[in-house]
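In what follows, a structure is listed as structure tokens, so that the remarks can point back to it.
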């Protein structure tokens, strides 16, 4: 029975990736999963329940694809300059690496869906919190080593940084010059970290 749930979930994830929330058709998802409408209601309760679960699964998969090696790199930093170099490198990677660009676009789309669909909001918020926790932990590593400003609120910084990087998704079509954007962004991202 769990296999039927997974087939429905995977088919819904694929549909969301191609068609988005509003364009995802239950008939097509059921056909792809070789599932019945009663299975949909049994496992997910409704179309919205299935799409909310599929969106949360997409977000989970994006987080799993994130390269966690950079967290270890942050722990290896011994000086403020090394830490700043690491942070700048992550900002550049996030806005230039094709896989990171796709992940940013998907996160923005899922966030927009969560603004409209209440059933998605709670689960997405929980998954987003884990992402922010990881960013804040990186800042705390620098604070523990006294190479980052001690009084900086690591979680507030994480939320701001993540918002800034996701915001690039919304501006990159109107302002395509990534190198000019990075000149400003890197300076802005490093400024709050500087020890006083």
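Summary of computed values
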item	result
Residue in the stretch 37-49 that is in contact (Cβ under 8 Å) with a residue 60 or more places away in the chain, on the phi > 0 side of the Ramachandran plot and surrounded by fewer than 19 Cβ atoms within 10 Å (Cβ to Cβ) present	no
Filtered residues of the stretch 120-133 (kept if surrounded by fewer than 16 Cβ atoms within 10 Å (Cβ to Cβ) and either under 20 Å from residue 156 (Cβ atoms) or in contact (Cβ under 8 Å) with a residue 60 or more places away in the chain (or both))	125, 126, 129, 130, 133
Number of positions in the stretch 144-162 that are out of contact with any helix residue (DSSP H, G or I) (no Cβ under 7 Å at 6 or more places or on another chain) and either at negative phi or part of a helix (DSSP H, G or I) (or both)	6
Qualifying residue in the stretch 45-57 (condition: at pLDDT 85 or above, farther than 21 Å from residue 124 by Cα and outside any helix (DSSP H, G or I))	no
Unique residue being at pLDDT 90 or above and either part of a loop (DSSP other than H, G, I, E, B) or under 13 Å from the mean Cα position of the chain (by Cα) (or both) when the list is 106, 88, 112, 35	35
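The values are calculated or read from the model by the stated rules, or taken from the named source; none is laboratory data. These numbers were taken from a predicted model, which means no experiment stands behind them. Heads up, the Cβs are rebuilt from the backbone with ideal geometry, glycines too, and the neighbour counts pull from every protein chain shown.
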